[in-house]
Ligand SMILES: Nc1nc2c(ncn2[C@@H]2O[C@H](COP(=O)(O)OP(=O)(O)OP(=O)(O)O)[C@@H](O)[C@H]2O)c(=O)[nH]1
Ligand SMILES: [Mg+2]
């Protein structure tokens with residue numbers, strides 16, 4: 001048999017906030033490289049994850065959920081997701097089977113008009129719904145003409161993910177190995193460390209707080225004894241939020257720091273010393289200079 005040509009390409013994962021896009025990327029890679037939470041709008045930047053299989057290299061792009069954006073930060077997030085549509089070989093449109101369908105269907109009809117790359121409709125969270133609902137949704141989305149394939153799956157359990165990979169591989173063009181085959185992402189470690197701190201803020205704080213925080217790693221140094229010393233600044237929008245993030249007698253910040261440090265240690269396979277500072281920058285989510293400083297430009 002003649003050798004099959006090497007295939008590779010870029011695949012964007014697109015959907016409404018909370019559909020499970022980041023969970024799916026981590027599941028495909030078999031490692032956690034992007035943060036997730038049960039609150040919408042967790043992901044703020046486009047992030048590449050590299051998946052190698054014999055004969056294939058697939059670069060998956062996790063994107064922020066597409067929503068009606070009000071602040072400049074939110075507009076940046078939606079622009080990030082929309083821009084990825086123009087640069088990829090195919091798209092996975094991830095739909096949450098357990099959430100209400102109207103807004104997801106409207107998004108599908110709006111952005112997949114047939115002029116862009118091929119789209120696979122992936123119906124996520126099938127572990128939360130019964131078979132009848134899955135069939136009904138597949139039929140409903142089948143009325144939109146844009147999709148090449150339909151894959152029910154669960155990013156949480158992994159069911160259906162192999163099927164998804166088969167469909168993705170079928171859409172890949174011949175291409176080079178873009179990245180060495182031993183790296184999972186091109187993200188710098190300091191970005192991932194900052195994101196892990198932000199994830200703990202998303203998971204441990206409530207109401208508007210998660211949407212008002214930014215995390216920047218200001219220093220990242222390996223000491224002679226092998227310990228990695230990281231200091232990060234958590235920025236919030238108001239004084240009252242600073243108090244909540246720090247908590248009574250500093251307990252909240254301590255908990256965020258401890259949970260983040262453990263996870264960063266797992267990631268870096270090293271002992272980590274993590275120092276967190278909290279400061280206030282009034283309404284930074286609408287301030288172009290601050291957004292740029294925090295990496296949202
Ligand atoms: N039961 C179940 N929960 C899931 C599944 N996939 C994701 N989740 C949960 O759904 C929530 C949202 O997951 P994320 O991966 O953060 O969603 P996202 O689409 O990246 O969200 P944004 O970044 O906010 O756009 C988290 O609580 C996940 O644990 C699934 O297949 N089954
Ligand atoms: Mg996400």
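Give me the percent relative contact order of region 1-110, please, defined on Cα pairs under 8 angstrom at least 6 residues apart. Working shown, then result.
On the way: 187 pairs, mean separation 38.6, N = 110.
In percent, rounded to a whole number, it is 35.
Within the P(r) computed for the chain, what percentage of the Cα pairs occupies the region above 31 Å?
Working: 14478 of 43956 pairs.
The calculated P(r) of the chain puts 33 percent of pairs beyond 31 Å.
Projected label points at residue 273 and residue 219, each 7 Å from Cα along the beta carbon direction, are separated by 1.0 nanometres.
Per the helix-only calculation at 222 nm, which mean residue ellipticity applies to the chain, given -39500 (n - 2.57) for every DSSP H run of n ≥ 4 and division by its residues, nearest 500 deg cm²/dmol? Write out the running numbers ahead of the final one.
Values: 9 runs with 104 residues, N = 297.
About -11000 deg cm²/dmol.
Highest mobility in the GNM of the chain, judged by mean-square fluctuation with C-alpha springs under 10 Å and restricted to 172, 94, 128, is found for 128. Residues considered: 222, 195, 167. Largest GNM mean-square fluctuation over the chain, using C-alpha springs under 10 Å, is found at 222. Ordered by the number of other Cβ atoms lying within 10 Å of each residue's own Cβ, fewest first, 191, 10 fall into the sequence 191, 10. Between the Cα long axis of helix 102-111 and the first principal axis of the chain there is an angle of about 70°, rounded to the nearest 10. Rounding to the nearest 10 and keeping the result within 0 to 90°, find how far the Cα-based axis of helix 161-171 lies from the longest principal axis of the chain. Tilt of helix 161-171: around 60 degrees. Full extension of the chain segment joining residue 131 with residue 45 gains 27.6 nm, where the gain is 0.36 nm per residue of separation less the Cα-Cα distance. Considering only 62, 239, 96, the Gaussian network model of the chain with Cα springs below 10 Å gives its largest mean-square fluctuation to 239.
Give me the percent relative contact order of the chain, please, defined on Cα pairs under 8 angstrom at least 6 residues apart.
Values: 545 pairs, mean separation 52.3, N = 297.
It rounds to 18 percent for the chain.
Rounded, prolate or oblate for region 204-297? Axes are the square roots of the Cα gyration tensor eigenvalues, ordered a ≥ b ≥ c, and the cut-off for rounded is a/c under 1.5. Because a/c hits 1.5 or more and a/b fails to exceed b/c, region 204-297 counts as oblate. Here the contact order of region 114-213, divided by its residue count and restricted to Cα pairs under 8 Å and six or more residues apart, works out to 24 percent. Computed from Cα positions, the angle between helix 251-268 and the longest principal axis of the chain comes to roughly 50 degrees.
Can you sort 231, 212 from fewest to most other Cβ atoms within 10 Å of each residue's own Cβ? It would help to have the intermediate numbers written out before the result.
Numbers: 231 15, 212 23.
Fewest-to-most Cβ neighbours within 10 Å comes out as 231, 212.
Each of 14, 66 was scored by other Cβ atoms within 10 Å of its Cβ. Arranged with the fewest first, they read 66, 14. The calculated FRET efficiency for the pair residue 251 and residue 103, based on their C-beta separation and a Förster distance of 45 Å, comes to about 0.75.
A short reminder: the numbers here are calculations on the coordinates, not readings from a lab. Only a predicted model underlies this, so the values are computations on that prediction, with no experimental measurement involved. As a convention, Cβ positions derive from the backbone with ideal geometry for all residues, glycine included, and neighbour counts pool all protein chains shown.
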